[in-house]
Amino acid sequence: MHESAYEHGRQFFELYWNPRFTDVVELGSQDVNGTLRNHAPKSAVYHGLDMIDGKGVDIVVTPGKPLPLPDASSDVIVTSSAFEHDVCFWETFLDLLRVLRPGGILYINAPSNNAFHRYPVDCWRFYPDAGVGLVEWAARNGIEVDLVESFIAEPQESGWADFIAVFRKAGPPLLRKGSMSDLSKSMNVRDIEKTGLQRESDRTFDMIATEETRRSLSASEAELASVQAANFALQAELAALTSSTSWRITAFARRLSSVVKGR
């Protein structure tokens, strides 16, 4: 788990956990450089699911098969850095909603960019309207779910731009302490309390960083060209000065020689 995914998981639990919640399910729970379990309240009943056994895994699941959990059995479901490896993540999305209780919260973090990484496959990247598409897919399958918020977060040191989406299954009213998108630099933000797309940008963070690098490189090249031109001018001036000095020394030497010979 990269550093921004870990931090966004912390922010999610800080803002969205409320006193009526008791159970958490994590899909893709193996502890690889950290786990979201660290951020869940100590009182929560936590079930970690993954397709292979390992640290942080309570239940091993089979890809493509329904999750071995009862309907409406969890208040909060989280999955981070997993949907890109899911061949049919949209089917998994419906199964997660099945497990979610009415009024429950589903948190998804998936990459919007960066390197090809197979665990065991790497199939997808998520763009700003992915959350809207998943809500529509749920509706087509008879499930009412709200997109509470979604956004693309600015990459941190490891370079991953996280797509983050929080969904709420129809039921008791939403309780939250704030919006995750307000806690970090983000773009193409959707929020249930606002209309339309906020901080809209057709350029990704990678594109913006590339443009800034190119501008910086162009400015450096211009500065270098200016320094080189000044250097050439100084070299020419030095050459002229050297030539002039050499001529004067030669002339002086000749006059001195004539004086010495005259004696």
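The values are calculated or read from the model by the stated rules, or taken from the named source; none is laboratory data. Since this is a predicted model, take the numbers as computed values, not measurements. Quick reminder, even Gly has a Cβ in these numbers, built from the backbone with ideal geometry, and neighbours come from all protein chains shown.
When each of Val61, Val87, Val24 is tested for being among the aliphatic types (A, V, I, L, M), buried (at least 21 other Cβ atoms within 10 Å of the Cβ) and under 30 Å from Arg140 (Cβ atoms), the lone residue that passes is Val24. Of the residues that make up the range 98-110, is at least one in contact with a Phe, Trp or Tyr (Cβ under 6 Å, 6 or more places away or on another chain), within 24 Å of Gly133 (Cα to Cα), without any contact (Cβ under 8 Å) to a residue 40 or more places away in the chain and assigned by TED's automatic domain parsing to the domain that holds Leu147? No, the range 98-110 contains no residue that is in contact with a Phe, Trp or Tyr (Cβ under 6 Å, 6 or more places away or on another chain), within 24 Å of Gly133 (Cα to Cα), without any contact (Cβ under 8 Å) to a residue 40 or more places away in the chain and assigned by TED's automatic domain parsing to the domain that holds Leu147. Of all residues in the range 177-197, one or more are out of contact with any Leu (no Cβ under 7 Å at 6 or more places or on another chain), part of a strand (DSSP E or B), at pLDDT 95 or above and among the charged types (D, E, K, R).
What do you reckon, is Ser80 over 19 Å from Pro120 (Cβ atoms) and of a type in the set (S, T, N, Q)?
Taking the combined requirement at face value, the residue does not satisfy it.
The residues of the range 85-133 that are of a type in the set (Gly, Ala, Ser) and part of a helix (DSSP H, G or I), listed by number, are Ala130, Gly131, Gly133. Among the residues making up the range 64-84, those that are assigned to a loop (DSSP other than H, G, I, E, B) and either touching a residue at least 60 places away in the same chain (Cβ under 8 Å) or surrounded by fewer than 17 Cβ atoms within 10 Å (Cβ to Cβ) (or both) are Gly64, Lys65, Pro66, Pro68, Pro70, Asp71, Ala72, Ser73, Ser81.
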